[in-house]
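Enquirer: First, the structure itself, so that you have it in front of you.
The values are calculated or read from the model by the stated rules, or taken from the named source; none is laboratory data. Just so it is clear, the structure is predicted and the values come from calculations on it, not from any experiment. Positions of Cβ are generated from backbone atoms using ideal geometry, with glycine treated the same way; all protein chains shown enter the neighbour counts.
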Amino acid sequence: MTPELISKHPKMGTTIFSVMSALAAEVGAVNLGQGFPDFECDPALIDAVTKAMCEGLNQYPPMPGVLPLREAVAQKIKTLYGRHYDAQSEITITAGATQALITIMLAVVHPGDEVIVLEPCYDCYVPNVEMAGGVVVRVPLRPGTFKPDFDKIQAAITSKTCAILINSPHNPSGIIWRHEDMLRLQEILVSTNILLISDEVYEHMVYQPLQHHSASSYKGLAERAFVVSSFGKSYHVTGWKVGTVVAPASLTTEFRKVHQFNVFTVNTPMQFGLARYMANPQPYLDLPQFYQSKRDLFREGLSKTKFKLLPGEGTYFQCADISNLSVAEKDLGEAEFCKWLTREMGVAAIPMSAFYGDSFDQNIIRFCFAKKDATLNAALQRLAKL
């Protein structure tokens, strides 16, 4: 007989992305819920990985990642953000950004430490803090605009605050932190020992006239920051699960203590393939225009409906207010509306309430436009009924 197991995480359910993707598959809906492209990556990237495999680069790589890839990452950050990270001691290749985030938490959060999380937030943040034994301190971004409220951030800091987790470009809202936001955060943290965890996986999806402001660009932030990024997002290969963490050497040392035992290392030929592919910066430099055109196509189509569009400053997500839709006036909350939209309209989306601990409902839902134009047009044709 299987022993009875007392759950360590009784409140932890199935992620909303899995739920909505399963529903979309069940009813044959266009899935604009989960954030992944439905188009292929550059064949040159596949060729680079294939070449690495054929060259016999298939055994364990060094624990922190292969040096050519770490050097390529260092060069990119230096060029774009002006900070030099040592490839040997300050850059680690991870099994995606999610592994990077849980590893950071396990490395730096002691039982009872407080970690400030800004809501709405990506759904792994809170469980990661809790699995590390930390206490989540939720601070809301400003409702409607999703801009940081620095008075509330400052008020949330206590003697137990270990770290603050920020995310720009922001998932789920698509909002970009401004230069003055980064300076204000730097000012708040300067006299503290609080660590910064900066999730920048959508760094190359920022639309004109805005630009990405990396924590790496600010001396007072970079000196205390783990900066997380993702090849999967930048190169349309989310299933490869390869990411990066850059941090000062002393922080990286602690990170790698955990990394070596929860992952050890990351797929060898993909690392070598990515390193070779990064020799040409054009793919990530062209990414903003590539996705901006998809955003504009999608926004133009939605503008003909009763959806009220929120600003789409970055990421590959578009948020929309459903308050003007007749179906929303029947007291359907965001979650039920998304299920209705999937079943009846044949288009899956994600409720913004899923990104809040208390399921705060603002009548806002999130679409992913990282899709073929044909997919977006098919979805828009269905949504035109609204």
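Enquirer: Need pairs with beta-carbon distance below 7 Å; first residue among the charged types (D, E, K, R) and within the stretch 35-54, second assigned to a loop (DSSP other than H, G, I, E, B) and surrounded by 14 or more Cβ atoms within 10 Å (Cβ to Cβ); sequence gap 6+ or separate chains.
Expert: Asp38/Lys371
Residue-wise test of (1) surrounded by fewer than 22 Cβ atoms within 10 Å (Cβ to Cβ); (2) farther than 19 Å from Thr253 by Cα; (3) without any contact (Cβ under 8 Å) to a residue 24 or more places away in the chain; (4) in contact with a helix residue (DSSP H, G or I) (Cβ under 6 Å, 6 or more places away or on another chain).
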{"residue": "Gly56", "(1), (2), (3), (4)": "yes, yes, yes, no"}
{"residue": "Pro62", "(1), (2), (3), (4)": "yes, no, no, no"}
{"residue": "Lys76", "(1), (2), (3), (4)": "yes, yes, no, no"}
{"residue": "Leu101", "(1), (2), (3), (4)": "no, no, no, yes"}
{"residue": "Pro127", "(1), (2), (3), (4)": "yes, yes, no, no"}
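Enquirer: Right, something else. Yes or no: Val117 surrounded by 18 or more Cβ atoms within 10 Å (Cβ to Cβ), in contact with a strand residue (DSSP E or B) (Cβ under 6 Å, 6 or more places away or on another chain), aliphatic (A, V, I, L, M) and touching a residue at least 60 places away in the same chain (Cβ under 8 Å)?
Expert: no
Enquirer: If you go through the stretch 57-77 one residue at a time, do you hit one that is in contact with an Asp or Glu (Cβ under 8 Å, 6 or more places away or on another chain) and in a helix (DSSP H, G or I)?
Expert: Yes, the stretch 57-77 contains at least one residue that is in contact with an Asp or Glu (Cβ under 8 Å, 6 or more places away or on another chain) and in a helix (DSSP H, G or I).
Enquirer: Something else now. Taking helices (runs of 4 or more DSSP H) that fall entirely within the stretch 185-273, which contain at least 2 residues that are at pLDDT below 95, buried (at least 21 other Cβ atoms within 10 Å of the Cβ) and not assigned by TED's automatic domain parsing to the domain that holds Val66? Please lay out each step first, then the result.
Expert: Working: elements: 219-222, 231-235, 249-262.
Qualifying helices (runs of 4 or more DSSP H): none found.
Enquirer: Just to be sure before I move on: is Glu180 in a helix (DSSP H, G or I) and farther than 18 Å from Leu141 by Cα in the structure I sent? Please lay out each step first, then the result.
Expert: Details: in a helix (DSSP H, G or I): yes; farther than 18 Å from Leu141 by Cα: no.
Taking the combined requirement at face value, the residue does not satisfy it.
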